[in-house]
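Visitor: Have a look at this one before I ask anything.
The values are calculated or read from the model by the stated rules, or taken from the named source; none is laboratory data. Nothing here was measured: the structure is a model prediction, and the numbers come from that model. Here Cβ is always computed from backbone atoms with ideal geometry, including for glycine, and neighbour counts include all displayed protein chains.
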Amino acid sequence: MRRHILTGAPGAGKTTVLRLLAAAGHATVAEAATDRIAAAQEAGEAAPWERDGFCDEVAALQRDRLLAAGTLPGPDQYFDRSPVCTLALARFTGRPVGPVLAAELDRLRTERPYRERVLFLDLLGFVTPTAARRIDLAGARRFEQLHLEAYAEYGFTIARVRAADPRSRAARILDLAKEPHA
């Protein structure tokens, strides 16, 4: 099983590309942070990412989805983010790394459940705000840099997927996934 991480700053188009991959029959795993934000906002919490413990909640959901992914079909799986992204989020928001996130980061170092190359979607040059994405382009660029630094820190290599239309980016991701060291 080859597990590929798709990442990038908020608004880089990851979810759109993952939807295209899923529609083409590839196994995909949704972003945990967006789902945790939506659940918290539905419960009345406007900005859950500002709360200590939020990154641990995201990491726990990422862990659960990684474990459940063993039942997904096909040789390749595409994950919308990983615990390294959650580390970048903690750093961006100034929140502590809690015990769940720390344990998942340790798992990455020891078990290496994902491919060594991260598929990094570059920003598109704009960010469309949503209830879960309250960041401007300058903030997204800072967040993008934190992602790059965190993945390098954890020994991943980065394959940049340049800004383009979503279908071209999805095709590029599939090409990168075929490479033996991806």
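Visitor: Taking Ala46, is it in contact (Cβ under 8 Å) with a residue 24 or more places away in the chain, over 23 Å from Glu116 (Cα atoms) and exposed (fewer than 14 other Cβ atoms within 10 Å of the Cβ)?
Guide: So Ala46 fails the test.
Visitor: Right, another one. Considering only region 38-55, I want to know if a residue exists there that is within 15 Å of the chain's Cα centre (by Cα), of a type outside the set (A, V, I, L, M) and modelled with pLDDT of 95 or more.
Guide: Yes, the conditions are met somewhere in region 38-55.
Visitor: Moving on to the next point. What are the residues in region 79-128 that are touching a Ser or Thr at 6+ places or on another chain (Cβ under 9 Å), among the hydrophobic types (A, V, I, L, M, F, W, C) and closer than 23 Å to Ala68 by Cβ, if any?
Guide: Phe79, Val84, Cys85, Leu101, Leu105, Leu108, Val118, Leu119
Quick grid of which residues meet (1) farther than 24 Å from Asp136 by Cα; (2) buried (at least 19 other Cβ atoms within 10 Å of the Cβ); (3) in contact (Cβ under 8 Å) with a residue 12 or more places away in the chain; (4) over 17 Å from the mean Cα position of the chain (by Cα):
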position: Cys85; (1), (2), (3), (4): no, yes, yes, no
position: Pro96; (1), (2), (3), (4): no, no, yes, yes
position: Thr110; (1), (2), (3), (4): yes, no, no, yes
position: Arg115; (1), (2), (3), (4): yes, yes, yes, no
position: Asp122; (1), (2), (3), (4): no, no, yes, no
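Visitor: If we keep just the residues of region 112-164 that are of a type in the set (A, V, I, L, M) and touching a strand residue (DSSP E or B) at 6+ places or on another chain (Cβ under 6 Å), which is farthest from Ala102 (Cα to Cα)? Quick ask: steps written out before the conclusion?
Guide: Applying the first criterion (of a type in the set (A, V, I, L, M)) to region 112-164 yields 118-119, 121, 123-124, 127, 131-132, 135, 137-138, 140, 146, 148, 150, 152, 158-159, 161, 163-164.
After this cut, where a residue has to be touching a strand residue (DSSP E or B) at 6+ places or on another chain (Cβ under 6 Å) as well, the list is 118-119, 121, 158-159, 161.
Values: Val118: 20, Leu119: 23, Leu121: 25, Ile158: 22, Ala159: 25, Val161: 28 Å.
Across region 112-164, the extreme among qualifying residues is Val161.
Visitor: Filter region 1-17 down to the residues that are modelled with pLDDT of 95 or more and either aliphatic (A, V, I, L, M) or within 13 Å of Thr130 (Cα to Cα) (or both) and list them by number.
Guide: Answer for region 1-17, where residues must be modelled with pLDDT of 95 or more and either aliphatic (A, V, I, L, M) or within 13 Å of Thr130 (Cα to Cα) (or both): Ile5, Leu6, Val17.
Visitor: Only one residue in Phe156, Phe126, Phe143 is in contact with a Pro (Cβ under 9 Å, 6 or more places away or on another chain), more than 18 Å from Arg19 (Cα to Cα) and in contact (Cβ under 8 Å) with a residue 60 or more places away in the chain, so which one is that?
Guide: Answer to the selection: Phe143.
Visitor: Just one of the numbered conditions (1) farther than 22 Å from Ile135 by Cα; (2) modelled with pLDDT under 95 is not true of Thr34; which one?
Guide: The single condition Thr34 does not satisfy is (1).
Visitor: Here's another thing I want to ask about it. For region 74-182, which strands (runs of 3 or more DSSP E) that fit wholly inside it have 1 or more residues that are hydrophobic (A, V, I, L, M, F, W, C) and more than 17 Å from Gln62 (Cα to Cα)?
Guide: Answer list for region 74-182: 117-121, 157-161.
Visitor: Residue check: is Gln62 closer than 22 Å to Gly155 by Cα, among the polar types (S, T, N, Q), touching a helix residue (DSSP H, G or I) at 6+ places or on another chain (Cβ under 8 Å) and not in a helix (DSSP H, G or I)?
Guide: Judged against the criteria, Gln62 is not a match.
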